[in-house]
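The block underneath contains the structure these notes are about, expressed in structure tokens.
The values are calculated or read from the model by the stated rules, or taken from the named source; none is laboratory data. Because the structure is a prediction, the values reported are computed rather than measured. Note that each Cβ is placed from the backbone with ideal geometry, even for glycine, and that neighbours are counted across all protein chains shown. Ligands, DNA and RNA are stripped out before the accessible areas are found, and what is left, the full protein with its side chains, is counted by its heavy atoms. Shrake-Rupley method; radii C 1.70, N 1.55, O 1.52, S 1.80 Å.
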There are 2 protein chains.
Amino acid sequence: MESIDTELAARIRNDIVLGNYGEEERISEARLCDTHKVSRTPVRLALRMLEHEGLIRRSEGRGYFVNAPNVNDVLQAVQVRGHLESLAARLMAQSPDRLSTLPILEAAIEEIDRLILVGKMDHASIRLIQKQNAVFHKTILECCGNDFIGFTCSRISHMPMLEVGAMVFDRQVLSTKEGKERSNFRLKLGNSQHKVIFEAIQKGDAVRAEGVMREHSNTMIEYIQVFEKRTKEELTIKDLIDYSGLSVMRKEHDTTGKEKSL
Amino acid sequence: MESIDTELAARIRNDIVLGNYGEEERISEARLCDTHKVSRTPVRLALRMLEHEGLIRRSEGRGYFVNAPNVNDVLQAVQVRGHLESLAARLMAQSPDRLSTLPILEAAIEEIDRLILVGKMDHASIRLIQKQNAVFHKTILECCGNDFIGFTCSRISHMPMLEVGAMVFDRQVLSTKEGKERSNFRLKLGNSQHKVIFEAIQKGDAVRAEGVMREHSNTMIEYIQVFEKRTKEELTIKDLIDYSGLSVMRKEHDTTGKEKSL
DNA sequence: ATAACCGGTTTGGGATCCCAAAAAAAGAGC
DNA sequence: GCTCTTTTTTTGGGATCCCAAACCGGTTAT
């Protein structure tokens with residue numbers, strides 16, 4: 001259990017990204033105290049945190065205004081994270097003591113392969129794949145030799161779909177058979193990219209490791225963009241399913257509430 | 001004038017990066033209240049901010065410990081910022097509506113050229129060059145089309161030498177004639193890189209814009225590394241002069257105190 | 001002698017109080 | 001009826017108070 005303000009910040013953050021607050025809504029400390037039944041101290045700490053994260057703006061006069069991110073904001077952020085990850089991949093490929101961590105990457109790749117082969121595209125399986133995916137990406141970030149890359153990624157991972165190793169699906173694709181096949185192909189493609197990245201790092205091919213990692217993150221961006229074009233009206237964050245460690249969107253699609261923290 | 005907690009956070013941050021606190025020193029709220037003559041409320045807000053910035057760690061039991069960054073941390077951070085800037089350069093070169101902002105870049109380059117030609121290597125001149133340098137880099141960040149890049153950079157610019165467009169010199173180099181000449185050459189080299197970046201963006205050569213921008217930031221990293229090797233003992237942040245917008249180190253080298261905010 | 005226990009002290013989190021500034025509303029003058 | 005001024009209310013920042021948990025020191029029992 002975290003301290004109240006962290007918990008509170010998470011709840012408000014959730015409300016903001018899910019669009020419960022209206023684009024430019026004014027937000028007051030007193031109101032939050034009332035709705036969340038806490039004192040002003042944790043509210044202020046939480047608001048400061050959210051301001052730092054860019055989810056609310058503090059008006060110079062007084063008062064806070066929400067800064068709800070839209071899909072385009074998320075896409076931009078994914079691009080930034082992907083670019084940082086590509087730097088990490090390059091550095092890791094150049095690092096002399098990378099060999100000891102290679103088995104971790106290999107194990108994650110093999111586990112994802114195994115899960116894809118089983119072919120179950122239900123929630124539980126995807127979460128398992130997501131977990132191994134997170135392991136793969138986190139390992140590269142943590143073993144690249146530049147700790148500041150991981151730190152910077154962690155500073156921006158408060159937004160939905162920005163947790164390292166997060167995976168995004170659209171809400172309809174998992175409900176139809178054809179959609180499931182498409183998702184299966186997407187997972188296969190992603191893991192084959194993992195393999196190429198792994199081999200490049202193993203061989204010390206820094207340029208290739210960086211390039212494929214960049215391509216790997218572009219895949220996610222393009223997936224969202226393609227889906228964006230397919231929808232008639234404006235695509236909102238709610239239309240996407242975020243499989244990430246944080247799982248901000250969980251209450252939207254997980255009614256069982258069994259797995260509280262993976 | 002900012003609110004007290006922001007001011008306070010800046011002061012504590014300053015103390016930490018200048019090494020006034022000892023590597024792993026315990027830091028207590030009460031002590032800070034006493035030394036800075038403020039109540040605990042702003043102290044707590046400031047500590048939260050610094051924790052978010054990674055300059056202090058909160059022990060799960062209780063208490064805060066300082067996490068003083070060393071030169072290597074700064075180098076890693078510079079690498080991250082440079083990598084983000086190279087992404088910005090690439091995106092700007094790809095952006096269709098980049099042409100309207102090109103004159104800003106060109107003006108900054110010409111102004112720096114003019115200042116270098118005058119050849120005065122005193123504090124005031126270097127600050128003017130620094131300002132135009134910041135304009136150049138900020139313009140690229142702000143006009144690349146991905147606002148999240150600039151946002152991410154701003155989130156990490158609390159550390160010394162990480163303000164966008166910051167320039168670093170070592171403390172001895174500006175005191176000797178030979179050192180001044182070397183610095184002059186370094187400025188010329190930097191601005192010639194600016195020119196190449198400008199032309200690449202103008203032509204829409206995204207690959208080259210990205211590559212040269214990367215090289216541009218590597219120049220700063222290598223400068224510090226070369227200086228690091230030249231010194232006998234461990235290089236500290238204090239040994240470097242930081243010409244940045246924030247100028248955390250100002251009180252170290254500016255005794256006149258005339259220019260409070262450029 | 002050592003280890004467990006117990007009380008005092010330190011310290012951080014949360015709640016409440018106070019105040020100044022700004023927005024909103026009411027009132028006066030034209 | 002409109003505008004400018006004054007008063008009221010709202011709201012956020014800072015200070016203080018309270019409390020629970022953790023650390024420290026000493027004492028006692030084995």
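Between B:Arg31 and B:Leu189, the contour length at 0.36 nm per residue exceeds the alpha carbon distance by 52.1 nm. Overall, region B:71-253 carries a charge dipole of about 320 debye about its Cα centre when +1 sits on the Cβ of Lys and Arg and -1 on the Cβ of Asp and Glu, all other atoms neutral. Per the Debye formula on identical point scatterers at the alpha carbon atoms of region B:87-146, with no solvent, log10 I(q)/I(0) at q = 0.27 Å⁻¹ is -1.01.
Using a Gaussian network model of chain B in which every pair of alpha carbons under 10 angstrom is joined by a spring, one finds that among B:Ala93, B:Ala134, B:Ala107 the greatest mean-square fluctuation is at B:Ala107. Chain B and chain A together bury an accessible surface of about 3000 square angstrom, both sides counted, with a 1.4 Å probe and no ligands or nucleic acids included. Rounded to the nearest 20 debye, the dipole size of the protein assembly as shown about its Cα centre is 320 debye, using +1 on the Cβ of Lys and Arg and -1 on the Cβ of Asp and Glu.
P(r) tail, region B:4-66: Cα-Cα pairs separated by more than 12 Å, 65% of all pairs.
When A:Arg127, B:Arg58, A:Arg98 are compared by accessible surface with a 1.4 Å probe, the order from highest to lowest is B:Arg58, A:Arg98, A:Arg127.
The tail of the calculated P(r) for the protein assembly as shown beyond 40 Å holds 27 percent of all Cα-Cα pairs. Checking the cross-link pairs B:Lys37/B:Lys238; B:Lys177/B:Lys229; A:Lys195/A:Lys229; A:Lys203/B:Lys195; A:Lys180/A:Lys203 against a 25 Å limit on the alpha carbon distance flags B:Lys37/B:Lys238; A:Lys195/A:Lys229; A:Lys203/B:Lys195; A:Lys180/A:Lys203 as lying beyond it.
Tell me which GluC sites (Glu not before Pro) from region B:50-148 have a DSSP coil assignment and no more than 16 other beta carbons within 10 Å of their own. Let's see the in-between values first.
Values: sites: B:Glu51, B:Glu53, B:Glu60, B:Glu85, B:Glu106, B:Glu110, B:Glu111, B:Glu142; in loops: B:Glu60.
Qualifying residues, ordered by number: B:Glu60.
With just the Cα atoms defining each centre, how far is region B:144-163 from region A:19-55? Give it in Å. Each part's Cα centre sits 25 Å from the other's. When chain B is treated as a Gaussian network with alpha carbon springs shorter than 10 Å, the biggest mean-square fluctuation among B:Gln172, B:Gln94, B:Gln193 belongs to B:Gln172.
Taking label points 7 Å from Cα along the Cα-to-Cβ direction, B:Glu228 and B:Ser59 give a separation of 3.0 nm. Measuring only protein heavy atoms, the 1.4 Å probe finds B:Val71 accessible over about 10 Å². Going from the chain on its own to the full set of protein chains, region A:143-157 has these residues losing 20 Å² or more of accessible surface (heavy atoms, 1.4 Å probe, no ligands, DNA or RNA): A:Asn146, A:Phe148, A:Phe151, A:Thr152, A:Arg155, A:Ile156. In terms of Cα atoms, the Rg and Dmax of chain A work out to 19.5, 58 Å. At a probe radius of 1.4 angstrom, the accessible area of chain A per residue rounds to 48 square angstrom. Rolled with a 1.4 Å probe across the full set of protein chains, the surface gives A:His36 an accessible area near 30 Å². The residue among B:Phe151, B:Ser3, A:Leu189 whose Cα reaches farthest toward the positive pole of the charge dipole of the protein assembly as shown, with charges on the beta-carbon of Lys, Arg, Asp and Glu, is B:Ser3. Between copies, A:Glu23 shows label-point distances of 5.4 nm, shortest first, with the point placed 7 angstrom from Cα along Cα to C-beta.
Taking the radius of gyration and the Kirkwood hydrodynamic radius from Cα positions alone, what is the Rg/Rh ratio for region B:38-171, to two decimal places? The partial results should precede the final answer.
Values: Rg = 18.5 Å, Rh = 17.2 Å.
Radius of gyration relative to Kirkwood radius: 1.07.
The calculated Kirkwood hydrodynamic radius for region A:30-103 is 15.9 Å, given to one decimal from all distinct C-alpha pairs. Rounded to the nearest 20, the Cβ-based charge dipole of region B:4-66 about its Cα centre (Lys and Arg +1, Asp and Glu -1) stands at 220 debye.
Taking the helices alone, chain B has a mean residue ellipticity at 222 nm of -20500 deg cm²/dmol, built from -39,500 (n - 2.57) per DSSP H run of at least 4 residues and averaged over all its residues. Hey, could you get me the Stokes-Einstein D for region B:110-211, Kirkwood radius over alpha-carbon pairs, 20 °C and 1.002 mPa s, rounded to whole µm² s⁻¹? It comes out at roughly 144 µm²/s.
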